[in-house]
Amino acid sequence: MSASAPSRKRVIQAPRGTFDILPESAARRKVVEGQAEKILGAAGYRRIETPTFEATELFARGVGEATDIVQKEMYTFDDGAGRSLTLRPEGTAPVCRAYLQHGMRKLAQPVKLWYLSTFFRAEAPQRGRYRQFWQVGAEAIGSDRPETDAELIVLLADLLDAVGVRHDRLLLSSLGTPETRAEYREELKDFLRAHEDELAEEVRNRIELNPLRAFDSDDPRTRAVMRDAPKLLDRLTERDAEHFAQVRALLEDAGVRYELDPALVRGLDYYTRTVFEFTSDELGAQSAVGGGGRYDGLIELLDGPPTPAVGWAAGVERMLLSARDLAPPAELVDLFVAMAEPDGSRTAFELAREARRAGLQAQLELAGRSLKGQLKHADRIGARFVAIVGSNGHVSLRDMGSGDQRELTVQDVIPAILRGDG
Ligand code: HAM
């Protein structure tokens, strides 16, 4: 627009916290998708896709009324007929809903599913935190075996490795049952109240609401107090402790290094027993690349029969941010079809189509460039061959690597490229 234009129109922007996936980043995402498909597929996980929105009640019940997600972060709307719907903030509750709705408990258990989908949370946007984001997730529903937990953790570790996520740490803990947790909470509150004078103010103010946060405090005096605080891991029932010991033994055998984090808190209410989170130092404040755990009570909470389950989800954007070196394979163009004369248009059109039918990557001149311009463009997109279509079905086939050029009939072009001899 010239400087003298009366008023400059502002181009409409994507909503805050959302982003476009432009072709360059689409290619990197395809690598993540390909690796997920390969790694999860090899372990018998099959892909599922659930709707973008669900009944609000699914998340209110499934994720938990008291969580930040349900309290503050959901995009909820009325469908115009008095039903409340919500853009999915996560994938586990929808997958469990689908498991129940389609009677998947009649299938061989556990039912192993994976997804790559968009999710929505009205959070304050920052690096690695968006309002619409992508997760790759995996869920195994119908097994309480510790092998399932360990296998899922190993699969996520393998996926992060395959994508090149750097400096990842694995934090691991067990939450036991809801009853154990409730009793422990009271014990921890009593402990904190007994040491109230030594705690940082923000910790003191949150004793009732969120006593576990005391473990995350940076305040030196609070940290000193917390060294002697009771730990949930020491309060697990014998069965839960045994389950956790088996998960740990399997991970150790598999050579997966982890750190026990007795204060690991996840932002969703459905977890029982094993919980875990992979973090990357590359990410700054939003350091969690992926996380998950067991949710043995969720299916029952959604009115299904008691059904143990475990799973995880990893943020695609955070994986890509922490795997800076991930380079997608170069895009190949086997053939660029150029036109020396305008009357070659129909022949050129057909040649490009035939080439694609033969399995070649073929592009056609679409911008009405001069022949010189067409050759320059073919070079820019890295075409291996250029077919210059003249009149009467005659074609000059140029090998862009060697610069050799020879005359062919149009029928001979594709066989020559397939033979690789131009
Ligand atoms: P989550 O920890 O809430 O778990 O999310 C999993 C991952 O999604 C996070 O580690 C992060 O990488 C990514 N993520 C979450 N919120 C955002 C955001 N606003 N912007 C960008 N990335 C984000 C779950 O969602 C559970 N459903 C995981 C699970 C599956 N547990 C059992 N099964």
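The values are calculated or read from the model by the stated rules, or taken from the named source; none is laboratory data. A quick note: this is a predicted structure, and the numbers were derived from the prediction, not measured. Positions of Cβ are generated from backbone atoms using ideal geometry, with glycine treated the same way; all protein chains shown enter the neighbour counts. Just the protein is used for accessible areas: all its heavy atoms, side chains included, with ligands, DNA and RNA removed. Shrake-Rupley method; radii C 1.70, N 1.55, O 1.52, S 1.80 Å.
Based on this model, can you work out whether ARG239 counts as charged (D, E, K, R), closer than 25 Å to GLU139 by Cβ and not in a helix (DSSP H, G or I)?
no
Of everything in region 242-257, what is part of a helix (DSSP H, G or I) and either open to solvent by less than 40 Å² (accessible area, probe 1.4 Å) or β-branched (Val, Ile, Thr) (or both)? Give them in sequence order.
Scanning region 242-257 gives HIS243, PHE244, VAL247, LEU251.
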Pick from region 311-349, criterion more than 26 Å from VAL32 (Cβ to Cβ) and part of a helix (DSSP H, G or I), ranking: farthest from the ligand (Cβ to nearest atom) | ASP343
Answer residue from region 273-320, given it is under 20 Å from PRO146 (Cβ atoms) and of a type in the set (Val, Ile, Thr) and is surrounded by the most Cβ atoms within 10 Å (Cβ to Cβ) among those | VAL310
Of these, ALA378, ALA338, which one is of a type outside the set (S, T, N, Q), in contact with a helix residue (DSSP H, G or I) (Cβ under 6 Å, 6 or more places away or on another chain) and within 21 Å of ALA416 (Cα to Cα)?
-> ALA338
Conditions (1) buried (at least 21 other Cβ atoms within 10 Å of the Cβ); (2) within 12 Å of the ligand (Cβ to nearest atom); (3) of a type in the set (Ser, Thr, Tyr) -> SER174 fails only (2)
Restrict the check to region 317-339 and report whether at least one residue is touching a Ser or Thr at 6+ places or on another chain (Cβ under 8 Å) and without any contact (Cβ under 8 Å) to a residue 60 or more places away in the chain.
-> yes
Residues of region 56-96 satisfying the condition of being open to solvent by 50 Å² or more (accessible area, probe 1.4 Å) and not charged (D, E, K, R) = ALA66, GLN71, TYR75, THR76, PHE77, GLY80, ALA81, GLY82, SER84
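Conditions (1) within 43 Å of the chain's Cα centre (by Cα); (2) modelled with pLDDT under 95, marked per residue:
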| position | (1), (2) |
| --- | --- |
| PRO328 | yes, yes |
| GLU341 | no, yes |
| ALA348 | yes, no |
| GLN361 | yes, no |
| LEU397 | no, no |
| GLY403 | no, yes |
Given (1) assigned to a loop (DSSP other than H, G, I, E, B); (2) open to solvent by less than 50 Å² (accessible area, probe 1.4 Å); (3) free of Cβ contacts under 8 Å to residues at least 12 places away in the same chain, index of the condition ASP218 fails = (2)
If we only count strands (runs of 3 or more DSSP E) wholly inside region 379-422, which ones have 3 or more residues that are surrounded by fewer than 17 Cβ atoms within 10 Å (Cβ to Cβ)?
-> 405-409
Go through (1) within 16 Å of the ligand (Cβ to nearest atom); (2) in a loop (DSSP other than H, G, I, E, B); (3) within 23 Å of the chain's Cα centre (by Cα) one by one and return the number of the condition THR307 breaks.
-> (3)
List pairs: first in region 380-393 and modelled with pLDDT under 95, second surrounded by 23 or more Cβ atoms within 10 Å (Cβ to Cβ) and not in a strand (DSSP E or B), Cβ under 8 Å, 6+ apart or cross-chain?
-> GLY390/GLY344; SER391/GLY344
From GLU139, GLU123, residue being surrounded by fewer than 21 Cβ atoms within 10 Å (Cβ to Cβ) and either near the ligand (Cβ under 9 Å from one of its atoms) or assigned to a loop (DSSP other than H, G, I, E, B) (or both) = GLU123
